[in-house]
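These notes are about the structure you will find just below.
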């Protein structure tokens, strides 16, 4: 597969889920070997979209460089990963990426409308060759090599919503080939009884039923209902894809987890990069 960037700049406006601030994001084409990086234009600071730039994972993935932060990067990174774009400059004029409709669908549709440009070099991937795992007191995640018949990135998740919603699991096979239809439209979600706590933590200032699913008595309050029967689990996959892209590469392997979130996935990447014995980086055949 060739390296990919954007055909032309794409400008998107919106508000941040947690801060409520108005933000303009411009996705720019970028040269070969640029990778994915944010450019806080109001602070004149470049922040590479990498796992070792993560400074917080409380209800979103937030990265920083030299004390300058960009919050809630996971949905935009998920869109770029799902479309295989590996070189992109993200101009952003405020602290938080817009939440838009709570999924990655607006980013995906905007990019596809403007077009994707092939570049004159093969794209590199990160292949898992040794199992790695991170566990905490409520859940875990692991990356394992694919079986011989498996291709691309495979994600198997189990979750427990602790009585607030029906427990579910999900298995997505070769996500590298079917992200747009199966994952990109799944919206972020929360539970009605947790809203006051989140507000007390100075979060969800921009949250509404226009950009999040809110579950009360095991049902969505959103008038239009769910986009998928298992939309909550599909959004958890969307987040995993975005957080894994902070590795700097598309990943070939299988991600398995229980009650995963930004904290677990970021710590899993830390475990992965502790040893070169865990992975190899090479061009896609």
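Brief remarks on what is shown
- Of all the numbered requirements in (1) surrounded by 13 or more Cβ atoms within 10 Å (Cβ to Cβ); (2) without any contact (Cβ under 8 Å) to a residue 40 or more places away in the chain; (3) assigned to a loop (DSSP other than H, G, I, E, B), residue 149 misses one, and that requirement is (1).
- Residue 37 being in a strand (DSSP E or B) and either more than 19 Å from the chain's Cα centre (by Cα) or in the same structural domain as residue 97 (by TED's automatic domain parsing) (or both): yes
- Number of residues in segment 162-207 that are outside any helix (DSSP H, G or I), in contact (Cβ under 8 Å) with a residue 40 or more places away in the chain and under 14 Å from residue 235 (Cα atoms): the value is 11.
- The residue of segment 191-213 that is farthest from the chain's Cα centre (by Cα), among those that are surrounded by 17 or more Cβ atoms within 10 Å (Cβ to Cβ) and farther than 16 Å from residue 100 by Cβ, is 191.
- Residues that are touching a residue at least 40 places away in the same chain (Cβ under 8 Å), under 18 Å from residue 73 (Cα atoms) and exposed (fewer than 15 other Cβ atoms within 10 Å of the Cβ) within segment 1-19 comprise just one, 13.
- Note on segment 242-285: residues that are touching a strand residue (DSSP E or B) at 6+ places or on another chain (Cβ under 6 Å) and in a strand (DSSP E or B) amount to 12.
Here is a yes/no grid of residues against (1) surrounded by fewer than 17 Cβ atoms within 10 Å (Cβ to Cβ); (2) part of a helix (DSSP H, G or I); (3) at pLDDT 95 or above; (4) touching a helix residue (DSSP H, G or I) at 6+ places or on another chain (Cβ under 6 Å):
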position: 69; (1), (2), (3), (4): no, no, yes, no
position: 77; (1), (2), (3), (4): no, yes, yes, yes
position: 81; (1), (2), (3), (4): no, yes, yes, yes
position: 94; (1), (2), (3), (4): no, no, yes, no
position: 119; (1), (2), (3), (4): no, no, yes, no
position: 126; (1), (2), (3), (4): no, no, yes, yes
position: 137; (1), (2), (3), (4): yes, no, yes, no
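- Looking at 282, 235, 262, just one residue is touching a helix residue (DSSP H, G or I) at 6+ places or on another chain (Cβ under 7 Å) and either surrounded by fewer than 18 Cβ atoms within 10 Å (Cβ to Cβ) or touching a residue at least 24 places away in the same chain (Cβ under 8 Å) (or both), and that residue is 262.
- Breaking point among (1) modelled with pLDDT under 95; (2) over 15 Å from the mean Cα position of the chain (by Cα), for residue 58: (2)
- The one condition from (1) surrounded by 21 or more Cβ atoms within 10 Å (Cβ to Cβ); (2) without any contact (Cβ under 8 Å) to a residue 60 or more places away in the chain that residue 268 does not meet is (2).
- Flag if residue 132 is more than 19 Å from the chain's Cα centre (by Cα), touching a residue at least 60 places away in the same chain (Cβ under 8 Å) and crowded, with 19+ Cβ neighbours inside 10 Å: yes
- Options 63, 111; residue that is part of a strand (DSSP E or B) and either in contact with a helix residue (DSSP H, G or I) (Cβ under 8 Å, 6 or more places away or on another chain) or under 19 Å from residue 206 (Cβ atoms) (or both): 63
The values are calculated or read from the model by the stated rules, or taken from the named source; none is laboratory data. Predicted, not measured: the structure shown is a model, and the values here were computed from it. FYI the Cβ positions are ideal-geometry reconstructions off the backbone, even for glycines, and counts take in every protein chain you see.
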